[in-house]
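Please read the structure below before turning to the comments.
Derivation of every value follows stated rules applied to the coordinates shown; laboratory data play no part. Keep in mind it's a predicted model, so treat the numbers as computed, not measured. Neighbour counts are summed over all protein chains in view; Cβ atoms, including those assigned to glycine, are modelled from backbone coordinates with ideal geometry.
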Amino acid sequence: MKMLMAANWKMFKTREEAADCARGIENRLAGLPADREAVLFAPFTALAACAGALGPGARLRLGGQNCYPAAEGAFTGEISPGMLLDCACSHVLVGHSERRALLGESDAFVGKKCAFALNAGLNATLCIGETLKERDGGMLRPVLERQLAEGLSEVPDDVTSERLCIAYEPVWAIGTGRVAGTAEILEAHALVRAFLRKRFTARGNAMRILYGGSVKPDNAEQIINLDNVDGVLVGGASLQAETFARIALAGVSD
Ligand code: PGA
């Protein structure tokens, strides 16, 4: 299984800034080992500029931060998986906690997106994670299991392991500078792995589980070396090419 090192730019960067930064990351990824992949989840408005800056054959793949579960139609403000494919995307994020919290996305709606995106030909990364209140209330397991059950409910049983990733992002660690501790990451990732094995049998062993939440160059290596951590999803620290490249190359000796 290849490790997946992913950048999530959220609502940052003009087209020009995005093209410059995407190029900067790509230039620094020459030494990315063959057993790692890198993906950039850029704002919709910057995808075409990033695709142009990267060109065909780039190591850095492109993804959308969201999609709507329909091929086309009267869905003002939304973007279809086909539109993402048309902008050279191979990946999409679904169910990011900011969308769940700020835009009211339900587990069921996230589940529709996940299945629709996969069926349309995109690789999907389903984001899950508990709030501090849920964790403190002993709800880690039920919350993650509910998000997984509903988020994956319509995903075909035979989806190949490379096409579906889970990103575990504890809400209290996102953008806060408070990275989850080793024991907390191990516990949550083991729980996700057990769920994937049950849901997808042997293929669930080979699906990637990313950690996200205040990943930085100085903690990335330690995080990716943990059991059941198969990559990272990086927000704030992905906005500078140098910083994200250091994370993508964490632990690779030069
Ligand atoms: P952060 O964001 O790295 O800024 O904590 C992670 C994410 O939201 O994907």
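Given a Förster distance of 35 angstrom, what is the FRET efficiency for Lys198 paired with Phe75, based on the Cβ-Cβ distance and rounded to 0.05?
Approximately 0.55, to the nearest 0.05.
So for the chain, taking the charge dipole from beta-carbon charges (+1 Lys/Arg, -1 Asp/Glu), which of Gly77, Pro217, Ala49 sits furthest toward the positive end?
Pro217
Which value, in debye to the nearest 20, describes the size of the charge dipole of the stretch 3-248 about its Cα centre when Lys and Arg Cβ atoms bear +1, Asp and Glu Cβ atoms bear -1, and nothing else is charged? Can you show the working numbers first?
Numbers: 26 positive and 29 negative charges, 24 e Å.
In total the dipole reaches around 120 debye.
Give the distance, in whole Å, between the Cα centre of the stretch 1-79 and the Cα centre of the stretch 168-240.
Each part reduced to its Cα centre gives a spacing of 20 Å.
What Kirkwood hydrodynamic radius do you get for the stretch 3-248 when you take the inverse of the mean 1/r over all pairs of distinct Cα atoms, in Å?
Over the stretch 3-248, the inverse of the mean reciprocal pair distance is 17.8 Å.
Taking R0 as 30 Å, what FRET efficiency do you get between Asn119 and Thr14 from their Cβ-Cβ distance, rounded to the nearest 0.05?
Step by step, r from the Cβ atoms, then E = 0.35.
Pop a pseudo-label 7 angstrom from the Cα along the beta-carbon direction at both Leu226 and Arg141 and give the gap in nm to one decimal.
Once both label points are built, they end up 1.9 nm from each other.
Considering only Leu191, Leu84, Leu40, give the residue with the highest GNM mean-square fluctuation for the chain, with springs between Cα atoms whenever their separation is below 10 Å.
The residue that fluctuates most here is Leu191.
Tell me, in nm to one decimal, what length is gained between Glu242 and Met1 on full extension, where the rule is 0.36 nm per residue of separation less the Cα-Cα distance?
Contour length minus the Cα-Cα distance gives 84.2 nm.
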